[in-house]
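Derivation of every value follows stated rules applied to the coordinates shown; laboratory data play no part. Quick caveat, the model's predicted, so the values are computed rather than measured. Cβ atoms come from the backbone with ideal geometry, glycine included; neighbour counts cover every protein chain shown.
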Amino acid sequence: MALYGNYYILGFAPTFPPTSTAHSDLSQVQLGPGNQASAIIPKPLTSILSISQAAVKAFCDKYNLGDKEREGLLKLEFRIGDALDTVTESEWVISGLAPLHHCRVLLAWNTEQLA
């Protein structure tokens, strides 16, 4: 088995399911004909996304922004620390935020920058 980090290099899949705790970040191995692993797929990044979503929710809660503002920030794939002053008008359109929602988000973001 050739390893790079915690993921197998393509073409070097093991002939048996990994049992070591070092490989606990891998999803269940699907076995093909002859008990050979047909694919090793990392678990989805849901935990990373949920952390990011939780941070955005905390930001929205802190500045009394509602669900629409939070959803708009998530559509922009906003993460705490991103510069909202560089978001273009067409990107704001993608967010689906109405003009006053957009203003509230920018006001909260500017306030956060000053804190």
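Numbers at a glance
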read-out: Neighbourhood net charge (15 Å Cβ-Cβ; Lys/Arg +1, Asp/Glu -1) for Leu114; value: -1
read-out: Given charges at Cβ of Lys, Arg, Asp, Glu: the range 57-115 dipole, positive-most of Ala108, Phe78, Ala58; value: Ala58
read-out: Using θ = phi - 60° and Karplus 6.51 cos²θ - 1.76 cosθ + 1.60, couplings along the range 71-76 (whole Hz; Gly, Pro as x); value: 4, x, 5, 5, 5, 6
read-out: Partner aspartates and glutamates for Lys68 [C-alpha distance under 17 Å; skip if fewer than 8 residues away on the same chain]; value: Glu77, Glu91
